[in-house]
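Here's the structure, in structure tokens; my notes come after.
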Amino acid sequence: MTRAVFGSMKIVARDKLDQEPLLRALGPEPLGNAFDAAMLARACRGKKTSLKAALSDQKIVAGLGNIYVCEALHRAQISPRRRASTIAARSGAPNERAEKLVDAIKAVLKDAIEAGGSSLRDHRRTSGELGLFQHNFRVYDREGEPCPTPGCTGTVRRIVQTGRSTFYCPVCQR
């Protein structure tokens, strides 16, 4: 039986981080100071891929997984099908979508951290307890349920993008 390795750890001196090949290509941490609307807009400028695919790309922003991308796009009321370049002006400056999206990403991650993460299969906190954020999902894995956005009459749908399930509301996420 072979086991898949999900991650690894390597200790690197802080002053050598920029030289570490495993980290050099990663985008900024979404809760770090370098991640803001201007940075995200520059990274997405001219990209013809979907916004969902761009946000899932670790070279653009590090550590955003499928669940959190779906949830953030819903909170920002932006379609996962939208072209990534539409969050930036031609100059690369951020527009209102970029601002809303960055705020939503940070809010989703903070809420998830407070809840101890999402336990869908085997994730546990360091204490051994399950994470509880899955009880707060607005769209992820809620296909066919009413959209939780107040006043929205839509129903959560599931599509597949870049080989991953994407959950969204086609009514309030444009």
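The values are calculated or read from the model by the stated rules, or taken from the named source; none is laboratory data. Since the model is a prediction, treat every value here as computed from it, not as a measurement. With ideal geometry, Cβ positions are generated from the backbone for all residues, glycine too; neighbour counts draw on all protein chains shown. We work out accessible area using only protein heavy atoms, side chains counted, and drop any ligands, DNA or RNA first. Shrake-Rupley method; radii C 1.70, N 1.55, O 1.52, S 1.80 Å.
Summary of computed values
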{"read-out": "Count of region 147-161 residues which are open to solvent by 50 Å² or more (accessible area, probe 1.4 Å) and part of a strand (DSSP E or B)", "value": "4"}
{"read-out": "Verdict on residue 71 being among the acidic types (Asp, Glu) and open to solvent by less than 10 Å² (accessible area, probe 1.4 Å)", "value": "yes"}
{"read-out": "Residues that are of a type in the set (A, V, I, L, M), over 12 Å from residue 62 (Cβ atoms) and open to solvent by 30 Å² or more (accessible area, probe 1.4 Å), drawn from region 18-42", "value": "38"}
{"read-out": "Long-range neighbours under 7 Å by Cβ, at least six apart or interchain, first residue under 25 Å from residue 65 (Cβ atoms) within region 11-29, second modelled with pLDDT of 90 or more and open to solvent by 100 Å² or more (accessible area, probe 1.4 Å)", "value": "25/59; 26/59; 27/59"}
{"read-out": "Qualifying residue in region 133-146 (condition: buried (at least 22 other Cβ atoms within 10 Å of the Cβ) and modelled with pLDDT of 95 or more)", "value": "yes"}
{"read-out": "Matching entry among 26, 31 (being more than 26 Å from residue 137 (Cα to Cα), in a loop (DSSP other than H, G, I, E, B) and under 15 Å from the mean Cα position of the chain (by Cα))", "value": "26"}
{"read-out": "Any hit, region 47-64, residues being open to solvent by 80 Å² or more (accessible area, probe 1.4 Å) and either basic (Lys, Arg) or assigned to a helix (DSSP H, G or I) (or both)", "value": "yes"}
{"read-out": "Residue 93 vs. criteria surrounded by fewer than 20 Cβ atoms within 10 Å (Cβ to Cβ) and over 22 Å from residue 171 (Cα atoms)", "value": "yes"}
{"read-out": "Some residue of region 73-90 being over 23 Å from residue 133 (Cα atoms) and modelled with pLDDT under 95", "value": "yes"}
{"read-out": "Sole exception among (1) under 19 Å from residue 141 (Cβ atoms); (2) modelled with pLDDT under 95; (3) not in a loop (DSSP other than H, G, I, E, B) for residue 122, by number", "value": "(3)"}
{"read-out": "Some residue of region 75-86 being open to solvent by 100 Å² or more (accessible area, probe 1.4 Å), in a helix (DSSP H, G or I) and in contact with a helix residue (DSSP H, G or I) (Cβ under 9 Å, 6 or more places away or on another chain)", "value": "no"}
{"read-out": "Test: residue in region 162-174 that is more than 27 Å from residue 34 (Cβ to Cβ), open to solvent by 40 Å² or more (accessible area, probe 1.4 Å) and without any contact (Cβ under 8 Å) to a residue 40 or more places away in the chain", "value": "yes"}
{"read-out": "Sole residue being charged (D, E, K, R) and more than 21 Å from residue 172 (Cα to Cα), chosen from 48, 100, 52", "value": "48"}
